[in-house]
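Data block below; observations after.
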Amino acid sequence: MIDSELPHYLALSLSRNKELIRATKGFMPPDEGTGLALSLHHCELPSFLPAVEIGSYAGLSAIYLGIVAKEQGRLLISVDHHHGSEENQPGWEHHDASLIDPVSGRMDTLYLFRRTIELAGLVDSVVTVAADSKRFASVYPGKIAFLFIDGGHGMDQAQDDFNSWVPKIAPSGFLAIHDVFADPALGGRAPFLVYQKALANGFKEIMVQGSLRVMRKDPE
Ligand code: SAH
Ligand code: MG
């Protein structure tokens, strides 16, 4: 399991960004965001291998990951079509009507994401990809050091993210999954099933923080 002590740069940067973190829309409680950052900090694969986040939304989790990526000299590639997941659409639990683009009538979080990354001073460390995650995976040829899955939580979408991105994780690389609930009464099944699939396929758990699970891929 990962040592929970925060390195100095991370504690400092989180405290400097406290107001931004508080003001940014999203779904990442501070303890889980801090755990996410700490897990990337402990990923020792070379910095030419990027970290990939599926599910940017307004950039809340990207602040946590981006701070560490910047320190490591690594790029964070954050992927989202920015039209929201099922549960973000009108009539659903996590809908925010202020995010509807009045011209298209669709949800659009892209401008918020860019604003967050600029305010956090992470422009040079974060690559913003506005695309469907599976489609982008089909043209992304390389290996990655770290994968954070926090995109669509429907069964098909979660399986697609797993199948299209997990094989790109280099040996000893990390896989983090958000919204993992063993108890179906607490949340949807798909992230939990994907998490179990990882454990059955060469990944070992190294962190549990709230609904965040982080695993390390076996060395080859
Ligand atoms: N990590 C964010 C929350 C992500 S919410 C935070 O810290 O607040 C889930 C996001 O996944 C939404 O923004 C949605 O647009 C995105 N998403 C859902 N399905 C997707 C797909 N197929 N491709 C890319 N992004 C997707
Ligand atoms: Mg989430």
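When all alpha carbon pairs of region 121-164 are counted in 10 Å bins from zero, the resulting P(r) reads 22, 54, 22, 2 %.
Scaling the Cα radius of gyration of region 83-207 by the globular reference 2.2 N^0.38 Å produces a ratio of 1.17. Which whole-angstrom value gives the distance between the alpha carbon centres of region 201-220 and region 1-48? After rounding, the separation between the Cα centres reads 17 Å. Taking a point 7 Å from the Cα of ASP3 along the Cα-to-Cβ direction, the residues of region 25-56 with backbone N closer than 17 Å to it are 35, 37-45. Take the Cα of SER47, step 7 Å toward its Cβ, do the same at SER138, and the gap between the two points is 3.5 nm. Considering only Cα atoms, the convex hull volume of region 4-78 works out to 79 Å³ per residue.
What distance in nm separates the two pseudo spin-label positions at LYS18 and SER98, each 7 Å out from Cα along the beta-carbon direction? Placing both labels 7 Å beyond Cα along the Cβ direction yields 2.2 nm. Straight-line cross-link partners of LYS143 among the lysines, defined as a Cα under 22 Å from its Cα and at least 8 positions apart when in the same chain: LYS70, LYS134, LYS168, LYS197, LYS204, LYS217.
Amide H contacts of MET107 (H built 1.01 Å from N, in plane; Pro and chain starts excluded): ASP101 sit under 5 Å, all sequence-distant by 5 or more or on other chains.
Within the shell defined by Cβ-Cβ distances under 12 Å, the residues around ALA137 carry a net charge of 0, with Lys and Arg each +1 and Asp and Glu each -1.
Taking other residues whose beta carbon is less than 15 angstrom from the beta carbon of ALA69, and scoring Lys, Arg as +1 and Asp, Glu as -1, yields -2.
Both radii are taken from the alpha-carbon atoms of the chain; with Rh as the Kirkwood radius, Rg/Rh is 0.93.
Just so you know, all these numbers are worked out from the coordinates, no wet-lab data involved. Quantities reported herein were computed from a predicted structural model and do not represent experimental measurements. Because the Cβ atoms are built from the backbone with ideal geometry, glycine has one as well, and the counts that use them run over all protein chains shown.
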